[in-house]
Ligand SMILES: C[S@@+](CC[C@H](N)C(=O)[O-])C[C@H]1O[C@@H](n2cnc3c(N)ncnc32)[C@H](O)[C@@H]1O
């Protein structure tokens, strides 16, 4: 396969931090704001999706953990950020999305990327990712090098705002009203859905394959929910081994300063909480929970699973961007 062009959404080198048990690093993934990262690279219609991943998060994961020609999958692909970054980086891509509107935009986004020089190929399936083993094509089983995905949290997201004569109006702030969409589930059902999706994803992964799942800090009735710990437990229940816990910055890094780019609602909610005397801070990162599928079947006599798990994920890393 031809050498892929460098991505326009920069995938900077992560900054390593030693976190004891789980290796931790900070990915400076918002040196350019989301709009600049997407300009020309994504279809304008994709703007309507209420919970897109920053392209540089997907691009950094793909360059870190895969090589050109590898297969990258996203079981909740939305408008296809993971897939579009993958094909631009010369990887092949497979996505699943429940909502036909977003699945169609993901497929159109891949076509758009290929028209602009992307060399990877991509396929999008519209369906319920909790049924992954049944809906994924047979050829993908055991071939996926990397899964990059971000689950929906709650039916209502920040979306977009427009100032009108009657005040500020929200739009594009809901996925749909269909109960199969995990966005409509409470925390327990959401985690059950994530466990089922990760179990299906594990069956698609090749031995030693990697899963990167985002967990955005989430407040419920003002209290921070420890979603990362719950997602780590879901990954373990799916038979995967946690190997890293990273931080993807949603703020720019300018020397030793963070340049926050909060949404209107984040800023508004934080200001209101502070006015009530609650010491809220703007959240300017997402947690990235990184798992690996066991390299060798336990019966192969090569490495026992716990020995394999202690080997660093460096040997799974692809070329730095
Ligand atoms: C946070 S968004 C992912 C956005 C994506 N990373 C992007 O950048 O476009 C989560 C997506 O999961 C989809 N989803 C929710 N439940 C699903 C299910 N059961 N099967 C497949 N997709 C689902 C939602 O419709 C939504 O598009």
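Taking other C-beta atoms within 10 Å as the exposure proxy, 254, 92 rank 254, 92 from fewest upward.
How do 77, 126, 246 line up, fewest other C-beta atoms within 10 Å first?
Fewest to most other Cβ atoms nearby, the residues stand as 126, 246, 77.
Put in order of Cβ neighbour count within 10 Å, fewest first, the listed residues 223, 286 become 223, 286. Applying 1/(1 + (r/R0)^6) with r as the Cβ-Cβ distance of residue 33 and residue 188 and R0 = 25 angstrom yields a FRET efficiency of 0.10.
Please give the length that would be gained between residue 101 and residue 226 if that part of the chain were fully extended, namely 0.36 nm times their separation in residues minus their C-alpha to C-alpha distance (nm, one decimal). It would help to have the intermediate numbers written out before the result.
On the way: separation 125, 0.36 × 125 = 45.00 nm, distance 3.10 nm.
Length gained between residue 101 and residue 226: 41.9 nm.
Once fully extended, how much extra length lies between residue 257 and residue 141, figured as 0.36 nm per residue of separation less the alpha-carbon to alpha-carbon distance? Before the final figure, lay out the partial values.
Details: separation 116, 0.36 × 116 = 41.76 nm, distance 4.43 nm.
Full extension from residue 257 to residue 141 adds 37.3 nm.
Given their separation in residues at 0.36 nm each and the Cα-Cα distance between them, residue 267 and residue 114 gain 51.3 nm when the chain is fully extended. Could you compute the FRET efficiency for residue 67 and residue 237, with r as their C-beta to C-beta distance and R0 at 25 Å, rounded to 0.05? After rounding, the FRET efficiency stands at 0.30.
Values quoted throughout were computed directly from the atomic coordinates according to the rules given, and no laboratory measurement underlies them. None of the values given here were measured: they were computed from a predicted structure. Reconstructed Cβ throughout: ideal geometry from the backbone, glycine too, with neighbour counts over all protein chains shown.
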